Amino acid sequence: MSKKTYILFLFLCFFSQSWTQEMGYTKCTGGISLSPNNFYSLSFQGKKGIDKKNLYGYEKTIEVTKNQIWLFFDPPSSGLLSLNIKNTKTPFHTYIFKEKGGDLCDELNAKKAKLIFSEPSTTDLGSAFLFTEEALRYAVLLMADDGVKDSLEFSFDFSPQDKYGNEIIDSLMFDLSSHHGALEYELHIRDGITKRPVKSKISLTGSNDIDGAYVASDLILNIRKNIKICELKVDAEGYFSFDNAAHSILVKNGLNDTILLKPLVRGAVAKIDEIYFSAGLSDILEESGPKLNRLRDFLLVNAGVNIEIQGHVNGDGTQRFSSKRLSKKRAKEIVRHLISAGISSKRLSAKGFGFSNPVYKLPQNEMEKEANRRVEILIK
């Protein structure tokens with residue numbers, strides 16, 4: 001190994017380890033998007049050190065540790081939020097912030113968000129009840145003592161209510177059109193087999209006209225012009241997540257889209273795009289972070305699902321054993337990241353196929369080779 005190659009190898013190893021330490025929900029930028037009326041099990045990651053900024057300057061009375069869990073919630077309407085945290089081992093502190101519009105982490109850093117709840121918990125049960133407002137975003141921070149690695153179990157419940165305490169009927173239709181003379185865009189989420197409506201969490205980003213997080217099976221929005229590229233994400237319990245980073249909304253297409261979600265059944269396989277590795281190595285590259293976080297969120301929404309991470313590489317058949325070994329190492333590396341992000345190891349396994357199951361047996365170009373080197377998940 002040449003000196004330059006050795007230095008590059010050391011850099012890749014260091015970079016991979018450093019990024020592993022930074023990934024996950026211990027920082028605001030890696031926070032978990034919560035789905036209402038679900039049960040979660042997470043662990044403090046044992047981070048050590050003191051936050052010298054004392055939580056962006058919001059905390060005035062106590063020292064803030066870096067041992068944190070960040071959670072986010074976008075309420076579909078006004079309502080009562082109940083965060084019930086069961087903890088049998090360690091005290092923790094709960095903070096809740098709210099903000100209208102923008103990126104919550106940026107708004108916190110600029111001190112534009114509002115701290116609406118701050119309370120320590122020294123008992124087995126920590127609870128937070130608050131009335132949420134429509135069109136606002138909420139961040140929940142759980143903070144434990146320096147180095148603590150204990151687990152938390154909590155339920156996250158949301159009941160749609162108006163300001164007088166009257167129940168809001170949770171209709172599957174979410175009609176946000178307000179200008180009847182303007183163009184209306186309709187988005188319909190359906191079961192891929194039965195074609196029945198599926199109430200889902202829908203995220204649209206990339207255009208100020210439609211940016212937002214919504215909960216609906218049928219979403220109607222006003223638009224003023226063609227939107228050539230936006231990012232669409234759909235999550236629903238019991239289904240594979242749907243992602244399209246280049247979704248278009250064009251008048252010529254009829255302004256009507258239907259997304260068919262694939263149900264989660266044992267034996268179902270889905271490809272996970274945008275997970276990248278260093279050439280010839282199992283080191284996960286930094287740009288894979290968003291997709292790994294999406295996979296983590298998918299597992300949190302579907303708490304009863306166990307998966308097998310399946311690694312595939314591209315090859316010509318001359319290095320069968322080494323390619324199988326590399327593909328398994330890459331799959332195991334993804335498992336390791338998910339465990340570090342709070343997913344139980346009992347729900348995860350890894351398998352490497354090498355190039356024994358290619359999409360293209362004789363790839364003709366780089367696109368076909370890239371299709372062969374892929375990551376898939378199998379529902380077990």
Within the bounds of segment 46-67, is there any residue that is closer than 24 Å to residue 119 by Cβ, in contact with a Leu (Cβ under 8 Å, 6 or more places away or on another chain) and at pLDDT below 90? no
Residue 247 versus (1) part of a helix (DSSP H, G or I); (2) modelled with pLDDT of 90 or more: which is the lone unmet condition? (1)
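Does segment 342-356 hold any residues that are part of a loop (DSSP other than H, G, I, E, B) and without any contact (Cβ under 8 Å) to a residue 40 or more places away in the chain, and which are they?
356
Just to be sure before I move on: is residue 295 modelled with pLDDT under 90 and under 22 Å from residue 238 (Cα atoms) in the structure I sent?
Numbers: modelled with pLDDT under 90: no; under 22 Å from residue 238 (Cα atoms): yes.
In short, no.
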Residue in segment 155-175 that is aromatic (Phe, Trp, Tyr), under 25 Å from residue 78 (Cβ atoms) and surrounded by fewer than 17 Cβ atoms within 10 Å (Cβ to Cβ) present: yes
Would you call residue 333 farther than 29 Å from residue 40 by Cα, of a type outside the set (A, V, I, L, M, F, W, C), not in a loop (DSSP other than H, G, I, E, B) and not assigned by TED's automatic domain parsing to the domain that holds residue 242? no
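Only strands (runs of 3 or more DSSP E) wholly contained in segment 172-238 count here; list those with 1 or more residues that are over 19 Å from the mean Cα position of the chain (by Cα) and touching a residue at least 12 places away in the same chain (Cβ under 8 Å). Break it down stepwise before answering.
Values: elements: 173-175, 183-191, 200-205, 212-216, 218-223, 227-235.
So the answer is 173-175, 183-191, 218-223, 227-235.
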Among 155, 178, which is the only one that is assigned by TED's automatic domain parsing to the domain that holds residue 217 and at pLDDT 75 or above? 178
Cβ pairs under 7 Å, 6+ apart, first in segment 148-165 and in a loop (DSSP other than H, G, I, E, B), second among the basic types (Lys, Arg): 150/89
So, in segment 24-41, of the ones that are modelled with pLDDT of 80 or more and of a type outside the set (S, T, N, Q), which residue ends up farthest from residue 70 (Cα to Cα)? 40
Pick from segment 84-106 the residues that are surrounded by fewer than 21 Cβ atoms within 10 Å (Cβ to Cβ) and over 25 Å from residue 147 (Cβ atoms): which of them is nearest to the chain's Cα centre (by Cα)? 103
Of the residues that sit in segment 49-83 and are aromatic (Phe, Trp, Tyr) and under 21 Å from the mean Cα position of the chain (by Cα), which one is surrounded by the fewest Cβ atoms within 10 Å (Cβ to Cβ)? 72
Restricting attention to segment 260-269, does a residue exist that is modelled with pLDDT of 85 or more, surrounded by 14 or more Cβ atoms within 10 Å (Cβ to Cβ) and more than 23 Å from residue 307 (Cα to Cα)? no
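The values are calculated or read from the model by the stated rules, or taken from the named source; none is laboratory data. Bear in mind that the values here come from a model prediction, so they are computed numbers and not experimental data. Neighbour counts are summed over all protein chains in view; Cβ atoms, including those assigned to glycine, are modelled from backbone coordinates with ideal geometry.
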